[in-house]
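One structure below.
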Amino acid sequence: MLIEETGRTPQDMAAELANMKAVDDWPSVWSGSPQGGSTEFAEWCDRNGWDPLTSDRQLRVRTTGGGRWTFFDRAGMGGPLIALEHYAYQLKAETAAENGEVFSAVEASWPTFLQVAQGVLGLPTWTGSWDASDFPEPPRHWYWNGRDERMLNREPYRFAYWAPAGAVPGEPYFVLSQTVSFPTWTADTPGGTAVSLEVFPPADSTARAR
């Protein structure tokens, strides 16, 4: 049988997006967290309703909506952040015979997650599939795969992004993507699919690639 591993729903994802949209000081987020365990670190997390789960290497937090996010910095040792990531949905097949069901689940789940995201963020700047002729190139190479990588791996399989409107300093890119693991296309290895949220600094941020 197919197994969904996050235990989350599309409505839960709406709460995660609302939490991130409510951040009112993005420059302080992109500059990275203070030292773990310090009063400043606790205040930095509390300001945005983030409960730290780890503070060594990459910071992981739980939001008020119960979702888990990983905060990626440049070197995995603290410093300016370059991405925030949350998995809203992770579905895996137990046997290769179920791979066809995974593709059916992909087609059924993506419209729901996209609709939920639009309910919070409005219409996306662009949305489409990995092979779309007008698929946008990323503002920075690590925000999402460029054409060559997409053609090779079909990743992201489904995609939508919201560019910063410039309403607040440091306002991020919001990215919703669905991936389909390579084994899903085979007949001998069980595959899977995932829907993730990623939040990236504006292209003029001082963050640099990992």
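Observations on the structure shown:
- Residues of the range 4-18 with amide N under 12 Å of the 7 Å Cα→Cβ point at residue 68: 5-8
- Mean separation of Cα contacts under 8 Å (6+ apart) over length of the chain, as relative contact order %: 24 percent
- Estimated distance in nm for a label pair at residue 163 and residue 134, the labels positioned 7 Å out from Cα along Cα-to-Cβ: 1.3 nm
- Rule-of-thumb Rg ratio for the chain [Cα; 2.2 N^0.38 Å; N residues]: 1.04
- Between the beta carbons of residue 41 and residue 148, assuming R0 = 25 Å, the FRET efficiency works out to 0.05 to the nearest 0.05.
- Ranking of 8, 74 by solvent-accessible surface, largest first: 74, 8 (1.4 Å probe, protein heavy atoms only, all chains present).
- Sorting the Cα pairs of the range 1-120 by distance into bins of 10 Å, from 0 upward, gives 12, 38, 28, 17, 5, 0 percent per bin.
- Solution diffusion estimate, µm²/s, Stokes-Einstein, the range 129-210, Kirkwood Rh from C-alpha pairs, 37 °C, viscosity 0.692 mPa s: 234 µm²/s
- 14 Å beta-carbon shell around residue 23, net charge (K/R +1, D/E -1): -3
- Per residue, the range 72-210 exposes an accessible area of 47 Å² to a 1.4 Å probe, with every protein chain left in place.
- Highest to lowest packing among 27-39, 153-165, scored as the average C-beta count within 10 Å: 153-165, 27-39
- Under 20 Å from the residue 188 label point (7 Å along Cα→beta-carbon), backbone N, the range 61-100: 93-100
- Cα centroid of the range 16-72 to Cα centroid of the range 135-161, whole Å: 27 Å
- In this label model, residue 18 and residue 203 are separated by 3.2 nm, measuring between points 7 Å along each Cα→Cβ vector.
The values are calculated or read from the model by the stated rules, or taken from the named source; none is laboratory data. Quick caveat: nothing in here was measured; it's all calculated off a predicted structure. In this analysis, Cβ positions are derived from the backbone assuming ideal geometry, glycine residues included, and neighbour counts consider all displayed protein chains. Accessible surface is based on the protein model in full, side chains and every heavy atom, while ligands, DNA and RNA are left aside. Shrake-Rupley method; radii C 1.70, N 1.55, O 1.52, S 1.80 Å.
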